[in-house]
Structures are given as C-alpha cells and as structure tokens.
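The numbers here are math on the coordinates, done by the rules we state, and not lab data. Remember, it's a predicted structure, so these values are computed and weren't measured experimentally. Methodologically, a virtual Cβ is constructed for each residue, glycine included, from the backbone with ideal geometry; neighbour enumeration extends over all protein chains shown.
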Amino acid sequence: MLKDDIDQFYRDSFNGAERSYFYISDAGKCQRALYFQFKNAPRQEPSPRILRVFDEGDYVHMRLMSVLFSLGIVRASEVKIPPIELIHGRADAIIEQEKELYVVEIKSSSGFKFRTLKKPQSDHVKQIQLYMHYFNIPHGIVLYENKDTQDLKEFAVSYDPPLIQKLLKDFAILKEQIEKDVIPSIPEEVENWRCRWCEYRHECKRVEELKTENPNP
C-alpha cells in the first residue's frame, strides 16, 4: 500500500512541460527524440523507479557540492550561461585550483557503468564543452560518483573549438527542422541503449514504418 502511494507521488510530480528552447543537457541526445519532445509527440512517461533514480542523482549533486563549498574552492554554483535565445543552461560549479578556473560537472553513475568508465561519456563532454565555451574557461572536470559504492572518478577536459562549432551548428539545424516540421533522421552514432529506453521509441518506430511504406513521399 505504501509503495503504491509513493509510486503515485512520483507519477503526479512528473513534469512533461512544453519546450521552447534547448538546454545544454540536450547536447549528445538524439535529435529525433528532441524533435518529438518539442512537438509534444506521444510518449511513454518514465516509471516511478526511473524518477527515483533521477532524484538520487540530485542528492549526489547536493552532497558533493557541499563538500566543494567546505573546501573553499567554489567561485560560483548553479551559474547560468549568458542569456541567449537558442540554448539555456546552468553549470554545476566553477572552482579555482592552483589559480586556475575549472568548470565542474557532477554526474552519478550505476556501478556497472562506473567500473567501465575509462573516459567521460560523450554527451557529458559535449555538455561541459558548451559551459566552458559560454564562460570562456578553457578547463573542465567531469566528476562521477558510483551510486552503489560512492567511489569517485574525475576526468579533465580541455576546450575543443571544432567540437563547439559542430554542436552549435547541430542545434541550429535542429531548430530549423523543428520550425519547418522536418523529422530528423536517427543519428548514426546514437547508442542502442538510448533507443531501448527512449520515451519516444514507439513514435519513432511508427515514423520508420511510414518511411518504409512510403519511401518517396
């Protein structure tokens, strides 16, 4: 009975708000899924368990930020990028070490994924690159905590101008596709697990079936 009440609380708290701009956290996501989100396409809402996983990530972030503040190295937290029409976002922290500023992104990870991490995830690299770009800070750190064991891994990231230009171009192209009702193709580099867990996988499958039935619309 209590479980049912808790699950219903999470269902009721889920916010599927309409979108009018991109978030930096959208970097690295499937462009088609983002298109569907902007267009309010039919979706499968995340389960209460998945919403609790998101909650756990927030708690990891708050705890580690508290430690960074205690260390006295935080120069700004939850700092918004300069206001622009296309993209919005807030970096977790800007810290100072050895007289250098670093943008810090804090991520939680499952035990399996954490153990296999040899470098930061590609979408996390793209996100921190954009923060580094908008804050004009050439150094970044992606900090991971294993949710099962609380072990930590950190990866230094250097500013990558060619990657930034590609990311900004991709956002601009997607914005035009959304405005012109052009459904993007599934990115070739999208990982299989993203498709398996995508809230729009049924809508995506429907679009692919229509393309097969009508190859030359």
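If you put +1 on each Lys and Arg Cβ and -1 on each Asp and Glu Cβ, how big is the dipole of region 86-195 around its Cα centre, in Debye rounded to 20?
The dipole of region 86-195 has a size of about 140 debye.
State the antiparallel share, in %, of DSSP beta bridges confined to region 2-213, rounding to the nearest 5.
Percentage antiparallel, nearest 5: 65.
Answer with a single label: of [x] 12.4; [y] 10.2; [z] 14.7, which was calculated as mean projected area of the Cα convex hull in nm² from the structure in view?
Computed from the coordinates, mean projected area of the Cα convex hull in nm² corresponds to [z].
By how many degrees, between 0 and 90 and to the nearest 10, does the Cα long axis of helix 201-213 differ from the longest principal axis of the chain?
The answer is roughly 40 degrees.
Under a Cβ-Cβ cut-off of 14 Å, what is the net charge of the residues other than H139 that fall near it, where Lys and Arg count +1 and Asp and Glu count -1?
It works out to a net charge of -4.
Where a Cα-Cα gap under 16 Å defines reach, which lysines qualify for K113, not counting those fewer than 8 residues away within the same chain?
Excluding near neighbours in sequence, the set is K147, K153.
State, to one decimal in nm, how far the label point of V190 lies from the label point of R43, with both points 7 Å from Cα in the Cβ direction.
Once both label points are built, they end up 1.4 nm from each other.
Please list, or write none, the aspartates and glutamates whose alpha carbon is within less than 19 Å of the alpha carbon of K211, excluding same-chain residues fewer than 8 places away.
Reachable aspartates and glutamates: D181, E188, E203.
For E96 paired with V53, estimate the spin-label separation in nm (one decimal), with each label point 7 Å from Cα along the Cα-to-Cβ line.
About 3.9 nm separates the two model spin labels.
Residues with beta-carbon under 14 Å from that of E203, excluding E203: net charge, scoring Lys, Arg +1 and Asp, Glu -1?
+3
For a quick check: sort H124, H139, H202 by the number of other beta carbons within 10 angstrom, fewest at the front.
By the 10 Å Cβ count, ascending, the order reads H202, H139, H124.
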